[in-house]
1. Between beta-carbons, use under 11 Å as the cut-off and find the net charge around Cys61, counting Lys and Arg +1, Asp and Glu -1.
2. So for the pair Ala15, Ser44, with labels modelled 7 Å out along Cα→Cβ, what separation do we get in nm?
3. Output ³J(HN,Hα) for the range 60-72: one whole-Hz value per residue in order, computed from phi by the Karplus curve 6.51 cos²θ - 1.76 cosθ + 1.60 with θ = phi - 60°, and x for Gly and Pro.
4. Cβ under 15 Å from Glu18's Cβ, Glu18 left aside: what net charge do those residues give with Lys, Arg +1 and Asp, Glu -1?
5. Which far-off residues, 5 or more places away or on another chain, put their amide H under 5 Å from the one on Val21, with H placed in the peptide plane?
6. Around Ile3, with a cut-off of 13 angstrom between Cβ atoms, what is the net charge of the other residues, counting Lys and Arg +1 and Asp and Glu -1?
Amino acid sequence: MAIEIPSECPDCGGALFEILVLDRSHMNYEIAGFNYALPGSKQSFWAGKFPAAGRLASVMCGECGRVFFYGAPNEEQPNSGGDHGGKADRLP
């Protein structure tokens, strides 16, 4: 599923552009791109990782500087499951 991102900031109407949020938490290597897990997901015993329910895209407004994250569930999990209160269904 492709992540649909609006072209205008919902706050100020400025143009949104894609950004990469960098993570340096693993041995100071830069990692771009993020996945998300749902509440109640179980961490794997051996790897210590949570199963990714989907991925995130990030954009920033060129006018006000606000950063937005937009999520898309994995293809193999079209109904993300779990009790997330329907919030994933109401992404802007």
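1. For residues surrounding Cys61, the net value is -2.
2. Result for the modelled spin labels: 4.1 nm.
3. Karplus-based 3J(HN,Hα) across the range 60-72 equals 9, 7, x, 8, 9, x, 5, 9, 10, 10, 10, x, 9 Hz.
4. 0
5. Result for Val21 returns Gly33.
6. -2
Bear in mind that the values in this text are calculations on the coordinates, not laboratory data. Note that the structure is a prediction, hence the values are computed from the model and not measured. Because the Cβ atoms are built from the backbone with ideal geometry, glycine has one as well, and the counts that use them run over all protein chains shown.
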